[in-house]
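This report refers to the structure that appears directly beneath it.
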């Protein structure tokens, strides 16, 4: 067997690299391994599917077979890569076989962080980090009415909005003082809080869930202040963390994620990493825009190029229809000043550096329409 | 839950064997409890530690064939949470350093929600619940009983302080009772959310009152609690217990409670006739009978089962908490007698 390009992972990263590679090279063998069904879908769609009235079955944009045909690739679904032998350029599979690679791409994504909870029902807490987990979640909630979400970040807020839209009684528990606290300044978080409250979401902010136990027909979620919520379903959205298991075992350099340079090369020759699992130039981005940019770079490099990552400005869109938000977070670690204008749900928050340079923004409600205008302005500033 | 007899009987449904538990079944008469107790500074410190309370609750269930677990706590955690300084002194029992004597003392009490100060109680229930094969019973003192401790400052025989206040300034006592009934209702509601399958209100001192005063100062605030709880938790059984309250059973049954607990002075067969089938009945064995000979224990246990008769809705229990010096093996004799009696009844039928 002639060794070619092998991609581990069939999420948005894996398939985006595959597509970009095939645009530059249509002859080298291409293989994709996926530990799940390898249907092509976009994870961000999961947290808006109910509002869009889409079933889990309707979410894939293409089946595994379609993708094989489109990419001239061999795709192994439900096959897990258990180890990398970087000396002999082979992968170990859970089937017991080994598989050669000339160039290897790790697009293994991120794993849901387990909430730190006591109690006997932790195993029944849902976390939705892929299509199969989402299908299971949808199956569970079909006959239920009340859902408690742990976490008030992007995913927690999007699910809170989506589930409320579909008629569920949603409560959110979060140790943060306001929703989206890691992403936006407080007034914008408060606007989201009020808007979601308007569609029925009950907030339990500044609260920590400490245990979840099964009761008859519901769960008892105990909060640190001794109060309880008794939902029928618990959904954890406390965050995701780069999946580094395989890379660690292979001896690749790891920090927060798998460390790669501007060419997306790991510390071992012929092994690359991309997407939620990768730490590109010191940054782990768990969003779509950065990985699409990286996929184009890596597609070229796998075909013999030497392209480098130069991120454009990449605002994050938070799909909470009750109060949409777009945010371009300022670089971390800088002392910044936010200037906020607007009223109620329609807020524009501009972030300035000490020197008075516009370095980020957060927009809510109708102000999200100013996104392109602001990006243009910032690009001109930099240019 | 594997064994549901206790809840079945509270709902006056048929059961295979009369359910049985004991007031203070977790406590000082058990050597393993006395050992566990050493792990805490004092009794209040013990109550504040869910891990210890959970273990104390499980101890009698390991040793005896019991049909319910009861929260390990004390009725006085409520006045403590309201800001009153409470100490349990060796040989003296509970002591409040600054008892309530005036309307101004009342104003010093915390009136906002107490439950955040009682999270250790809810944590105990939440943690023990998955470990149980039997229903979990929560409890609280009655407003009147808590008021007597808060005004007397300690256990009392004459109740001179509270009765003086009652006969001089009844409105001060009523104000305190209203405050307590609100807090206690919320407290029991939280216990139910934390996993309690049923709750019991202990009115240890209602029996010291005249009949009109019992209605006004003891029963009325309890009735308010029962009605409030039934609104929030319509399916959770509530047990009322006024020690020395045998003459008021009809009025207690009218509160909407699901079951009444009887002291040993009340005649069980008569009580059954008086309340009809509106409520289940629990209790009635003089706890000091457990100091008697095995034959005495057996004959009194059978007497109670016979007095209740064939009807549904009976829960075997003591007429008061088990005495701290009771030999545990005598408890086994009592339980074996009840089980054997029920087994024979079943075989005969």
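Some notes on this structure:
- Shape summary: region B:1-122 maps onto an equivalent ellipsoid whose semi-axes, from the alpha-carbon gyration tensor, are 32, 20, 13 Å in decreasing order.
- Contact order for chain A, expressed relative to its length and based on alpha carbon pairs under 8 Å spaced 6+ residues apart, stands at 16 percent.
- In degrees, nearest ten, helix B:119-128 long axis to first principal axis of chain B (Cα): 10
- Whether chain A is rounded, prolate or oblate, judged on the alpha carbon gyration tensor where a/c under 1.5 counts as rounded: oblate
- Beta bridges per DSSP with both ends in chain A, % antiparallel, nearest 5: 55
- Cα long-axis angle, helix A:186-198 against chain A (0 to 90 degrees, to the nearest 10): 70
- Inter-part distance where region A:7-66 and region B:83-139 are each reduced to a Cα centre, Å: 57
- Span from the region A:127-193 Cα centroid across to the region A:259-277 one, whole angstrom: 33
- q = 0.17, 0.30 Å⁻¹, region A:68-121: log10 I(q)/I(0) [Debye, one scatterer per Cα]: -0.72, -1.29
- Looking at the protein assembly as shown, the DSSP beta bridges with both ends there are about 45 percent antiparallel.
- Long-range Cα-Cα pairs in region B:5-348 (distance over 35 Å), rounded percent: 18
- Sorting A:13-21, A:202-210, B:252-260 by their mean Cβ neighbour count within 10 Å, with the most densely packed peptide first, gives A:13-21, B:252-260, A:202-210.
- Of the beta bridges in chain B, as assigned by DSSP with both residues counted there, near 15 percent are antiparallel.
- Here region B:252-285 and region A:204-235 have alpha carbon centers that stand 36 Å from each other.
- Volume per residue of the C-alpha convex hull in region B:180-311, rounded to whole Å³: 121
- For chain B, the longest principal axis of the Cα atoms and the long axis of helix B:220-232 meet at an angle of about 70 degrees.
- Stokes-Einstein D for the protein assembly as shown, Kirkwood Rh over Cα pairs, 10 °C, 1.306 mPa s (µm²/s): 53
- Shielding by other protein chains, A:111-120, mean Cβ within 10 Å: 1
- For peptide B:119-127, the mean count of partner chain Cβ atoms within 10 Å of a residue's Cβ comes to 5.
- Cα gyration tensor shape of region A:235-292, rounded if a/c is under 1.5, else prolate or oblate by comparing a/b with b/c: oblate
- Legend: mean number of C-beta atoms from other chains within 10 angstrom of residue C-beta atoms, peptide A:211-224, equals 3.
- Calculated P(r) tail over 13 Å for region A:193-243, as whole % of Cα pairs: 68
- Whole-percent pair-distance distribution, where bins are 10 Å wide, for the alpha carbons of region A:100-175: 14, 45, 25, 9, 6, 0
- Bins of 10 Å from zero: percent of alpha-carbon pairs in region B:57-188: 11, 38, 31, 16, 5, 0
- Working from Cα pairs under 8 Å separated by at least six residues, relative contact order for chain B is 21 percent.
- In terms of its C-alpha gyration tensor, region A:292-374 has an oblate overall shape, because the principal axis ratio a/c (a ≥ b ≥ c, square roots of the eigenvalues) is not below 1.5 and a/b does not outweigh b/c.
- Each peptide in A:42-54, B:97-109, A:232-244, A:148-160 receives the mean, over its residues, of other Cβ atoms within 10 Å, and ordering these scores from highest gives A:148-160, A:232-244, A:42-54, B:97-109.
Readers should treat all values here as calculations from the given coordinates under stated rules, not as data from a laboratory. Note that the structure is a prediction, hence the values are computed from the model and not measured. Please note: Cβ atoms are built from the backbone with ideal geometry, for glycine as well, and neighbour counts cover all protein chains shown.
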